[in-house]
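Any read-out appearing in this document is the output of simple, stated calculations on the displayed coordinates, not a laboratory observation. Everything numeric here is computed off the predicted structure, so don't read it as measured data. No Cβ is skipped: glycine too gets one built from the backbone with ideal geometry, and neighbour counts run over all protein chains shown.
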Amino acid sequence: MPFINDILRHRSLSIVGLEKNTGKTVCLNYILGRLNQLGVECAVTSIGIDGEQTDAVYGSAKPEITLYDGMTFITSEKHYRIRRLVSEIIDIDPRRTSLGRLVTAKVRCGGKVLLSGAASTGLLREQIGRFSAEGMPLTIVDGALSRLSLASPTVTDAMVLATGAAVSPNIGQLISKTRFVCRLIALEEVEPQLQQALSPLERGIWAVDSEGCIHDLHLNSAFMLDKENDGLFAYGTTLFAAGAVSDRLLKHLAAQKNIADIRLIVRDFTKLFITPEVYANYIKRGGQLTVLQRSKLIAVCLNPTSPQGYNLNSAEACKALSEALGMPVWDVMKVEC
């Protein structure tokens, strides 16, 4: 049972994909089936809608989500009514979504379900916290589309990354795109004292001086930077961007004469909206990039087929990706029970 024991060391897990149709639901069903075999209780929910029978874009058949006796799940009222399993309602959240209130239920006789959960990561954190407080050993969040924000360590403790032919039918490009995301996931974490000092800051760009003191640079975002922003390094060359970081900020920093001394800290890898080329130039010139919290990548799973009809050789693609990433890559459809 590849990587299942690693999952059981955490209280929450997100399943995210680099693109649509990279096999997230197949990964989820594999994990749920193995947990059922082990007799592990878990809760399952989604951000957005997942588990539909037909792909909304390509019209192709999609695997449905299978839940087993004893599992707990959250979905909207609309999709709870059309479930194909027997369940007992535990709670109905009075807050409304576009598909109605969110229903929490326990499976009494397993079957198929369409999951449409919280619309925000804040609500997801609340749900995971509630399950944990009630003694639930594991909560799994299945992501709709390519919502990497679910993999933030502020939302879930660990993640499974799904990639495959839908990202690119060219194995070289597939490796390049997947490896780049994995490099961001693995960015070095800052020291605990700095993590504690910076975590409460929710917006803006801040400086950290040589004594570890935090200074507000009064820049709400990188878009306020200009080429002659002399005050950016008034307190030193360690900067913290509390919000999203784009190519704009990395380009600005890479253009500085003191780039080899610059250290940029971001909250976690999900805040980085940067391209491989800009990142590579920033690092090549000597810039440092670190995170307050590093996400725990449990496994990388591969879907060798794409809805456009492209097919990769599963064994060859898994081997090539594994060598490039330095970790096992699984096609869960090929894993022996």
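Between G164, G286, G309, the Gaussian network model of the chain with springs among Cα atoms under 10 angstrom shows the greatest mean-square fluctuation at G309. Neighbour counts of C-beta atoms inside 10 Å place E88, E19 in the sequence E88, E19, starting with the fewest. Centre-to-centre, using Cα atoms only, the stretch 155-190 and the stretch 229-293 are separated by 20 Å. Coupling constants for the stretch 188-196 follow from the phi torsions by the Karplus curve (6.51 cos²θ - 1.76 cosθ + 1.60, θ = phi - 60°), and in residue order they are 4, 8, 6, 5, x, 5, 5, 4, 5 Hz; glycine and proline get x.
GNM remark for the chain: springs join alpha carbons under 10 Å apart, and the peak mean-square fluctuation among E316, E189, E64 falls on E316.
A 30 angstrom limit on the alpha carbon distance is what I want to check against. Which of K20/K334; K177/K251; K257/K319; K106/K319; K257/K296 exceed it? Walk me through the intermediate numbers first.
Numbers: K20/K334 21 Å; K177/K251 20 Å; K257/K319 42 Å; K106/K319 39 Å; K257/K296 35 Å.
Result: K257/K319; K106/K319; K257/K296 exceed 30 Å.
Each of H215, H10 was scored by other Cβ atoms within 10 Å of its Cβ. Listed from fewest to most, they are H215, H10. Local charge for D69 was computed over the other residues whose Cβ lies under 12 Å away, with Lys and Arg +1 and Asp and Glu -1, and equals 0.
Starting from the coordinates of the alpha-carbon atoms of the stretch 192-291, obtain the Kirkwood hydrodynamic radius over all distinct pairs and give the value in Å to one decimal.
On the way: mean 1/r = 0.0743 Å⁻¹.
Answer for the stretch 192-291: a Kirkwood hydrodynamic radius of 13.5 Å.
Identify which of A166, A207, A315 has the largest mean-square fluctuation in a Gaussian network model of the chain, with springs joining Cα atoms closer than 10 Å. Maximum among the listed residues: A315. Counting every C-alpha pair in the chain, the share spaced more than 32 angstrom apart comes to 36%.
With a cut-off of 8 Å between alpha carbons and a minimum separation of six or more residues, what is the relative contact order of the chain in percent? Write down the numbers at each step before the final one.
Working: 715 pairs, mean separation 67.7, N = 337.
Computed value for the chain: 20 percent relative contact order.
Going by how many other beta carbons lie within 10 Å of each one, how would you line up D93, D6, fewest first?
The order, fewest Cβ neighbours first, is D6, D93.
Between R263 and Q193, what is the FRET efficiency for a Förster distance of 22 Å, r being their Cβ-Cβ separation, to the nearest 0.05?
Working: r = 15 Å, r/R0 = 0.68.
Plugging the Cβ-Cβ distance into 1/(1 + (r/R0)^6) gives 0.90.
The helix-only estimate of mean residue ellipticity at 222 nm for the chain, built from DSSP H runs of length n ≥ 4 each weighted as -39500 (n - 2.57), is -7500 deg cm²/dmol after division by the residue total. Let me have the relative contact order for the stretch 192-291, percent, based on Cα pairs under 8 Å that are six or more residues apart. Relative contact order here is 24 percent.
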